[in-house]
1. Quick check: anything in segment 82-98 under 25 Å from residue 196 (Cα atoms) and in contact with a strand residue (DSSP E or B) (Cβ under 8 Å, 6 or more places away or on another chain)?
2. So which pairs qualify, if the first residue must be in segment 422-448 and without any contact (Cβ under 8 Å) to a residue 12 or more places away in the chain, the second must be surrounded by fewer than 22 Cβ atoms within 10 Å (Cβ to Cβ), the Cβ gap must be under 8 Å, and the two must be at least 6 apart or on different chains?
3. Yes or no: residue 710 under 49 Å from the mean Cα position of the chain (by Cα), among the hydroxyl-bearing types (Ser, Thr, Tyr) and closer than 23 Å to residue 770 by Cα?
4. Of all residues in segment 327-355 being of a type in the set (S, T, N, Q) and over 12 Å from the mean Cα position of the chain (by Cα), which is nearest to residue 452 (Cα to Cα)?
5. Applying the selection to segment 8-60, what residues are in a loop (DSSP other than H, G, I, E, B), among the charged types (D, E, K, R) and either modelled with pLDDT of 90 or more or over 17 Å from residue 100 (Cβ atoms) (or both)?
6. For segment 275-296, what are the residues that are open to solvent by less than 80 Å² (accessible area, probe 1.4 Å) and either closer than 20 Å to residue 307 by Cβ or among the aliphatic types (A, V, I, L, M) (or both)?
7. So residue 681 passes all but one of these: (1) in contact with a Leu (Cβ under 6 Å, 6 or more places away or on another chain); (2) without any contact (Cβ under 8 Å) to a residue 60 or more places away in the chain. Which condition number does it fail?
8. What number of residues within segment 479-488 are open to solvent by less than 20 Å² (accessible area, probe 1.4 Å) and under 23 Å from the mean Cα position of the chain (by Cα)?
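The values are calculated or read from the model by the stated rules, or taken from the named source; none is laboratory data. Note that this is a predicted model, so its numbers are computed, not measured. Cβ placement follows ideal geometry from the backbone for every residue including glycine, while neighbour counts extend to all protein chains displayed. Accessible surface is based on the protein model in full, side chains and every heavy atom, while ligands, DNA and RNA are left aside. Shrake-Rupley method; radii C 1.70, N 1.55, O 1.52, S 1.80 Å.
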Amino acid sequence: MPKPSKNPSVVLQNPVLLPMLPLRGIMVFPYMVLHFDVGRSRSIQALEQAMVEDQRVFLTAQRDADQDDPGLDTLYVVGVIAQVKQILKLPGDNIRVLVEGEQRGRLEAIVEEDPCYIARITPVHTVTPPASTQTRAMLKATMHFVGEYAKISGRVSSDTMDSLKNIHDPCQLADVIAANLLTRLEDRQRVLEQFDGTERLTDLCTILARETELAGVEREVQARVKKQIEKNQREYYLREQIKAIQTELGDREATNVDDLQQRLGHTPLNDEARERVQREIQRLSHMPPGSPEIGVCRTYIEWVLDLPWGKRTPDNLDLRRARRVLDQDHFGMRQVKDRIVEYLAVRRIKNDMKGPILCLVGPPGVGKTSIARSVARSLGRKFVQMSLGGVRDEAEIRGHRRTYIGAIPGRIISAIKQGGTENPVFLFDEIDKMGNDFRGDPASAMLEVLDGEQNFAFRDHYLELPYDLSRVLFLTTANTADTIPRALLDRMEVIQLSGYTEEEKLQIAKRHLLPKQIKEHGLAPHTVRVPDKLMRALITGYTREAGVRQLERTIGKLVRKAAVRMLDEGWEETTLTHDQAEKDLGAPRYRFDRAGKKPEVGVVNGLAYTAFGGDTLQIETSVMPGTGVLELTGQLGDVMKESARAAKSWVRAHADGLGIAPDFYEKMDIHIHVPEGAVPKDGPSAGVTLTCALTSALTGIPVKQNVAMTGEITLLGRVLPIGGVKEKLLAAHRAGVDTVLIPQENVKDLEEVPDNVRQRLQVLPVTSIDEVLHIALTRPPEALHGG
């Protein structure tokens, strides 16, 4: 007996056992005749089983067409019971079968799997709804959607439309339309699974409406593409005509844009740059031959395309290799090396980190520029350099606008193009020596370049396009930070580089300078040897500098002289002596002031920090009868003169306690001289020294000559901190001083002083001038002694 159904138009018949064929990518509907090829063994066995019985099979589609052995969960439950009409064997064990769909069926279970699928199927019979107004309306609506779809898509033949008009059964019409018009397997299956005829038409209309809309969009896209192709073909034809004319006129290359168009297609520009270049190429292609604008336009396009858009060198993030490379090229400079290693370590953790902007500040010749090259070598990056010394025109940074004849990009964009990558190591040398005038302020233009929050879209005046500089590792060098504008200095990470000590210069000369000069002069390694004692004599007697440039030139001269002797005498190697060096170089040019051996009145050892490192100053003070005049000689600067007046005021205020006549400032002239007279001197750090010298001269108490001092003084007698402690202590050590007085607040700076120097010096921190006088004078003033 048939099973009852909730829908009166659907009758579920008694289940039957039928051979089953899973279909891949195709579907069969009732009333549909279809032939297809069968190759799977189970499917062939199912057909043979059907031919033995009543020639009926159950056909259902696979959800996954790539699966060879589908199971119940990979098959659609609703399929079609079909009649096998014909079987034709093909070469290669394949079979072509012709089937006709009879009615829907629902897969209940797979009973057998070998040798073929035998399934329990519930046949589904759909009762045709009686003719009614609603049915006729549905049929009319369906044909309307079919007509719209046929009109828009153009995929439905007129014969198909005529045959559809002759079908009045809603169920059959829906099946025929789905079988012939629908292309997506999911849409066909949706119609097949709808047992009710009216609902089936409703679903079909929904699908046709969607497909009609998609077909309309597709048609519009095709029309636009066709129009564009026709336009391109027309433009191509016209361009070829122009080329032919230009070739005849001998002006073929001027406006040839094919090479530019090809380069544009292979260059990864940003959207704004691509749009601008495309517009310029189009403009160039339309220019008449001989136009003066051709060269200007083509030069601009080539500049943009020549930039290294998207080209980057991969960073070598091996920390050990980086340390090894940096140590091979430079001795010391630990702060710079550590900062580069820190950057590499962070880059290994965070790949998109922006490059640091470092400013190396130090005296000439300490290796600021050369360490930048070593940084590039350690990272595996390209190196570009731009000297800012004397730059006064903002256009050198940002370039000239294209309105000017002969305009070119600024030197930054030019250097990036020269480097050939987006992430070079970029050195701005001598950034402290930029100027400004009526042509602009280049330091202000540098604010955008050296600001990590802005330089990702740097705009050169010539290009007028955003270019990303955020991946560049910027290094700048300066001899002093005082002349760098505050806003620019704030954007950089400043690393102070002090002058080299005598021991550091010795190691640099042995490890780098001497081997370099031997190699540059064509000699074999180790053929010229310089003993350490002689090298120290060269450092102290023939050079006076914070760096090693003059020392390298001196060594080079000795190597050349040695090469002459080796050729004259036939030697293969030589060891230089002091006598040979003095003969080749002449007498020593410099001497370091040695401290006196016995105490002297009014003579005090001061310490100074110059661009060439530390030095000692013997400040001499003499008093004589007069009218209270304070004479200052030795090319003293304004700050140092003010320190001398402050020292005089302190002595005058404490005259009673120091045992000095209270009216000395009226009856005595004071002369303070600071040798060497031809060398300018300035700074507040001589305040303590001046006070001590003045006190000694007025009291007649000698000053110990094994003591040196430095520090700024206030009117209250407090000793304030100063700079250059490392260099000053090195100078005291060279001068033979064994005791150095420094301000208490400078004790923290002793960490920078080499251990061998600290061990040989007694460094005494002081907070007031009273402590200085107690230590430096051979005896306290009488009043102080009495107290």
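1. Yes: one or more hits.
2. 448/454
3. Values: under 49 Å from the mean Cα position of the chain (by Cα): yes; among the hydroxyl-bearing types (Ser, Thr, Tyr): yes; closer than 23 Å to residue 770 by Cα: yes.
When the stated conditions are applied, residue 710 passes them.
4. Filtering first and then ranking leaves 335.
5. Initial filter on segment 8-60 (in a loop (DSSP other than H, G, I, E, B)): 8-9, 13-15, 24-32, 39-40, 53-55.
Retained after the next criterion (residues that are among the charged types (D, E, K, R)): 24, 40, 53-54.
Residues satisfying the conditions are 24, 40.
6. Correct list: 276, 277, 278, 280, 281, 284, 287, 294, 295, 296.
7. With respect to (1) in contact with a Leu (Cβ under 6 Å, 6 or more places away or on another chain); (2) without any contact (Cβ under 8 Å) to a residue 60 or more places away in the chain, residue 681 is out only on (2).
8. Within segment 479-488, the first condition is being open to solvent by less than 20 Å² (accessible area, probe 1.4 Å), and the residues that meet it are 484, 488.
Now narrow it down to the ones that are under 23 Å from the mean Cα position of the chain (by Cα): 488.
Number satisfying all stated conditions: 1.
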